[in-house]
1. More than 24 Å from A:V200 (Cα to Cα) and within 14 Å of RNA strand B (Cβ to nearest atom): is that true of A:A109 in this structure?
2. Every residue in the range A:278-324 that is of a type in the set (D, E), surrounded by 13 or more Cβ atoms within 10 Å (Cβ to Cβ) and not in a helix (DSSP H, G or I), please.
3. Of all residues in the range A:159-186, how many are in contact with a His (Cβ under 6 Å, 6 or more places away or on another chain) and near RNA strand B (Cβ under 7 Å from one of its atoms)?
4. Six or more apart or on different chains, Cβ atoms under 7 Å: show the pairs whose first residue is in the range A:257-283 and under 18 Å from A:G203 (Cβ atoms) and whose second is near RNA strand B (Cβ under 9 Å from one of its atoms) and among the charged types (D, E, K, R).
5. Take the range A:115-130 and flag every residue that is more than 41 Å from the chain's Cα centre (by Cα) and open to solvent by less than 40 Å² (accessible area, probe 1.4 Å).
6. Output yes when any residue across the range A:194-202 is closer than 14 Å to A:H84 by Cα and either in contact (Cβ under 8 Å) with a residue 24 or more places away in the chain or open to solvent by 20 Å² or more (accessible area, probe 1.4 Å) (or both), and no when none is.
7. Consider the range A:203-233. How many of its residues are surrounded by fewer than 18 Cβ atoms within 10 Å (Cβ to Cβ) and either modelled with pLDDT under 85 or in a strand (DSSP E or B) (or both)?
8. Could you tell me how many of the residues in the range A:87-106 are surrounded by fewer than 16 Cβ atoms within 10 Å (Cβ to Cβ), more than 9 Å from RNA strand B (Cβ to nearest atom) and within 41 Å of the chain's Cα centre (by Cα)?
Amino acid sequence: MTDAVVTRFAPSPTGFLHIGGARTALFNWLYARGRGGTFLLRIEDTDRARSTKEAIDAILDGLKWLELDWDGAPHFQHEGAERHREIAERLLAEGKAYKCFATPEELAAMREKARAEGRAPGYDGTWRDRDPSEAPAGVAPAIRFRAPREGETVIEDRVQGRVVFQNKDLDDLVLLRSDGSPTYMLSVVVDDHDMGITHVIRGDDHLTNAARQSQIYEALGWARPVFAHVPLIHGPDGAKLSKRHGALRIEAYRAMGYLPEALRNYLARLGWSHGDDEIISTEQLLEWFDLDGIGRSPARFDFKKLEHLNAHYIRESDDEALVQRIKDLLPEREDGAALLSEINDEGWEKLHRAMPGLKARAKTLVELIDNARFLFARRPLTLDPKAAKVLDETARKHLAALAERLKALETWDIEAIEAAVRDYADRAGLKLGKIAQPLRAALTGRTVSPPIFDVLAVLGREESLARIADQAG
RNA sequence: GCCCCCUUCGUCUAGUGGUCAGGACGCCAGGUUUUCAACCUGGAAACAGGGGUUCAAUUCCCCUAGGGGGUGCCA
């Protein structure tokens, strides 16, 4: 079991779970689950002031919706503060860290000066070798890491390859703040080590941190995990993904009617590939996903492609599951509650029966709901402009005549209905479309709908005839 | 400013020292069809630029440009 994989998703709860975080979580999940390993969740809340309960809930909900399950309870980083402090003290005792009495003002001035002189704006090491006895009174010190000043730190990254950093470019980072709280940089290293993380898969905005963390591992004598820094996802304009690009929280995708399996497929293909394969089930992803397939360049999010995949997965879903998803989704939609209250058991039954025709023509669940509205509409139907146009004088006359034929039907099933309508069209010397469109307009109020005979059958004899009568002339 | 990373159709990508540079989304045209989808067929569409190395570079090296990330007592 020494080679068992342990990955983690470690978001900081200072914002919501966005698409980039979701992909990082997915990659970690796939890598671990695909190899019988362990996938852990760690909330990086060492910045107490900026961490919120709402953000934590949003992250948990988002992962649950995406069906990315983690092992055990979520680990809250701040709860390990004691342990993290211990390690900082150990480093201090070993001379691998030191107390820094610089005040925020001094640090700001230092940065200002460095920039003016065109130097790296990092900490200049003022207290690195100064005796603590020279400390000014009343200033609580921060503990800084005594980073190597010469030589280089090399990261053998599974995605980025061999990345070399000159140690002179990396300054002495803070391990423990002056209030005694551990910083992220210390906590990640200690937690990843303590939790037995074997593979750190995260956004490449952490690449420089990997070098700093690497130095801490070195100082502690701990083995480093395998690093895999994945390029970030960009907005449609190529810039960093931000709120400006609209709905980006993961809940937003759910509300827009995307299926988690579609999002997983899409996200997996964004930055990772397996030859020419595009439609890849989660089972297949688990089997195929590997760090080697991750590309090195950033990708842009493309809704069109997501929609295409979503349409595919909607078509593949079974009818009952889709009904359930719609029941779950409706409360989240603005006008959903109203619609929900209008659908009784019979309505749900109709939706279920109409599902084969509906799911074949919807790119999202929201679109599907919209296309299903005619099922629950109350008579007389409101016609959209195009439908109203279809129902001209002639069309209405045909509807009246056709209604007589339909009334005479012994059984109200698709075969019988279709036979009757086709026969009527034949006798009237009309192409089927000439009678199908007016029927569609009268029954759904629109010019686009599932196949018309399905509509007749699902609506039932009584409702169908009544709707036709409403429009017949 | 400094450090690091990236660059194949509009987008996601495959790919190799010699390929008609492949697929997918989207787009256009046609087919099928009771509408719309789906589906089928066809089409337009890319190796950022410049130097090398080489018999031969999209592929290897260097430079430039462009993009991104980092540069906190944030994570």
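1. Yes; evaluated as a whole, the condition is true for this residue.
2. Residues satisfying the conditions are A:E278, A:D290.
3. The number of residues fulfilling the criteria is 1.
4. A:Y266/A:K305; A:R269/A:E278
5. A:G125, A:W127, A:R128
6. Within the range A:194-202, one or more residues are closer than 14 Å to A:H84 by Cα and either in contact (Cβ under 8 Å) with a residue 24 or more places away in the chain or open to solvent by 20 Å² or more (accessible area, probe 1.4 Å) (or both).
7. 2
8. Total meeting the criteria: 3.
The values are calculated or read from the model by the stated rules, or taken from the named source; none is laboratory data. All values derive from a computational prediction rather than experimental measurement. No Cβ is skipped: glycine too gets one built from the backbone with ideal geometry, and neighbour counts run over all protein chains shown. Side chains included, ligands, DNA and RNA excluded: accessible areas come from the protein's heavy atoms. Shrake-Rupley method; radii C 1.70, N 1.55, O 1.52, S 1.80 Å.
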